[in-house]
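Read-outs: derived from the displayed coordinates by stated rules, not from any lab. Quick caveat: nothing in here was measured; it's all calculated off a predicted structure. Using ideal geometry, Cβ is built from the backbone for each residue, glycine included, and neighbour counts are taken over all protein chains shown.
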Amino acid sequence: MLRLRPYKACDAQTITKWLKSEYAFRQWSADRYEKYPITAEDMNGYYDRDKDNEKIWGMTVFDDTGIIGHFTMRFPDAHNLEEIRLGFVIVDDTKRGKGYGKEMVSLAVQYAFDFIKVKKISLGVFENNTVALECYKACGFRTVELQEVENYHCMGEVWKCIEMELVK
């Protein structure tokens, strides 16, 4: 059974070890970090920039064996508390393909709707991250057609970001 708790700086030691290739790292973080590989200090430094921002926070997912996953939640519009955005969603690479991602995202959805009381949850996922895309669809997220598609320059390529949402 998976459980949620707030992210702690010591979690970065575990989470950064799951990013074993630059490709997977960029699928997780896009261009938010300058270099690969990142260290626990890099991750915590990134999060420290928002430590006083009450509109963004990290969550850690764990079970009896330890940390299983991680994600962030933030209000994309500080004046609109009806939408929360998931980001930096990652599952321990040794535990993928066993349903943990779906269970973790379902916990995030339940937390957002039941505890934070939002009406909509949004996220972005690269079209080349088909496993994550299918996980989000299995959790009820639907693709949103935007007038302008968000693209990122990663690893010498242009990666298309698919916008998804789940409305209560």
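Cβ separations smaller than 7 Å between residues 6+ apart or across chains give the following pairs from the stretch 92-110 residues that are over 14 Å from Thr72 (Cα atoms) to residues that are of a type in the set (Gly, Ala, Ser) and part of a helix (DSSP H, G or I): Lys102/Ala138.
Scan the stretch 107-134 for residues that are among the aromatic types (Phe, Trp, Tyr) and in contact with a helix residue (DSSP H, G or I) (Cβ under 9 Å, 6 or more places away or on another chain) and jot them down. Give the steps one after another, and end with the answer.
Step one: of the stretch 107-134, the residues among the aromatic types (Phe, Trp, Tyr) are 111, 113, 115, 126.
Phe126, the sole residue that qualifies.
Out of all the residues in the stretch 63-87, which are surrounded by 15 or more Cβ atoms within 10 Å (Cβ to Cβ) and either farther than 15 Å from Ala9 by Cβ or charged (D, E, K, R) (or both)? Selection gives Ile68, Gly69, Phe71, Met73, Arg74, Phe75, Glu83, Ile84, Arg85, Leu86, Gly87. The lone criterion from (1) within 12 Å of the chain's Cα centre (by Cα); (2) in a strand (DSSP E or B) left unmet by Lys160 is number (1). In the stretch 111-127, the residues that are without any contact (Cβ under 8 Å) to a residue 40 or more places away in the chain reach residues that are among the aliphatic types (A, V, I, L, M) and part of a helix (DSSP H, G or I) with C-beta atoms within less than 7 angstrom, at least six apart or across chains, in these pairs: Val125/Ala132; Val125/Leu133. Just the residues that are of a type in the set (Phe, Trp, Tyr) and either surrounded by 14 or more Cβ atoms within 10 Å (Cβ to Cβ) or assigned to a loop (DSSP other than H, G, I, E, B) (or both), please, taken from the stretch 100-154. Within the stretch 100-154, Tyr100, Tyr111, Phe113, Phe126, Tyr136, Phe141, Tyr152 qualify.
Tell me yes or no: at least one residue of the stretch 65-83 is in contact with a His (Cβ under 6 Å, 6 or more places away or on another chain) and free of Cβ contacts under 8 Å to residues at least 60 places away in the same chain. No, that holds for no residue.
Entry remark, the stretch 147-160: residues being touching a strand residue (DSSP E or B) at 6+ places or on another chain (Cβ under 8 Å) and free of Cβ contacts under 8 Å to residues at least 60 places away in the same chain number 5 in total.
Sort out which residues of the stretch 3-54 are part of a loop (DSSP other than H, G, I, E, B) and surrounded by 14 or more Cβ atoms within 10 Å (Cβ to Cβ), and write them in order of number. Lay out the reasoning, then the answer.
Taking the stretch 3-54 first, the residues part of a loop (DSSP other than H, G, I, E, B) are 7-8, 19-21, 30-39, 49-54.
Within the stretch 3-54, Tyr7, Leu19, Ala30, Tyr33, Tyr36, Ile38, Asp50 qualify.
Of the numbered criteria (1) touching an Asp or Glu at 6+ places or on another chain (Cβ under 9 Å); (2) of a type outside the set (Gly, Ala, Ser); (3) assigned to a loop (DSSP other than H, G, I, E, B), the one His70 fails is (3). Among the numbered conditions (1) more than 19 Å from Leu4 (Cβ to Cβ); (2) hydrophobic (A, V, I, L, M, F, W, C); (3) touching a strand residue (DSSP E or B) at 6+ places or on another chain (Cβ under 8 Å), the only one that Phe71 does not meet is (1).
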